[in-house]
Amino acid sequence: EGNADDHIMRSQGFTLSLVVAYLAFFLTWLTLDATLPVIVVGTIILGFGGWILAISVIVFFITGSLLSRLNRDFEMPDNVSVIPERRRDGLQIWANGFWAALFCVLWFLIPVEQFLGAAFGVIATATADTWATETGIRKPGKTISLKNFKSVKPGTDGGVSLKGSLFAILGSLMIGFFASQGHGSDPLSTFAVVTISGFLGCLIDSYIGATYQGTQNPENPGSLWLS
């Protein structure tokens, strides 16, 4: 069900997602199996969540992919537990996109602004985690585990550094800014809640990684989109 504008938004979401998915594949940012979830999630996010949320997702994806590409040409020292050269696969896309898409559908069915805010919070968490991961493995300085606060190799699940934490905050701030542009009755509160949620979500994800994942799997370092 929906009016003509709703159907137009869905059509635009499908078209844009199709273009982004296969462009990213040919740029070697995605594996072939990741194109389907990108199309599905992208269609839902733009079709139900609107342009501002869709733009924030695109900016997140582009910045994360560019940071990952930069790390491909960076020679990692022996004390870094991560292999940066990789494409995003379908499982990684679903890990992030499912929750953002679900909150968008809930917001469309039940027009409570907290649902759309939750979708922005998901993207803020993913951005914070991605920026922290991709920048934190390059000359991160001292890295400690959130599980026991002992020093660990950079790139270890649950390991955090000052540099990575600063970029996590910057990533959250960026998505918080997008969320405050036209969403919610109080832009300042929306900005603050999404920013804080994104950074806390990144820390919680790191703690879960330290507790349940142990050392990183080189084929899929971390959780969420990248971590």
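Any read-out appearing in this document is the output of simple, stated calculations on the displayed coordinates, not a laboratory observation. On a predicted model such as this, the values are computed, not experimentally measured, just so you know.
For residue 143, nonlocal amide neighbours, meaning residues 5 or more places apart or on other chains whose placed amide H falls under 5 Å from its own, are 152.
For residue 157, nonlocal amide neighbours, meaning residues 5 or more places apart or on other chains whose placed amide H falls under 5 Å from its own, are 216.
The alpha carbon centroids of the stretch 148-207 and the stretch 32-49 are separated by 24 Å.
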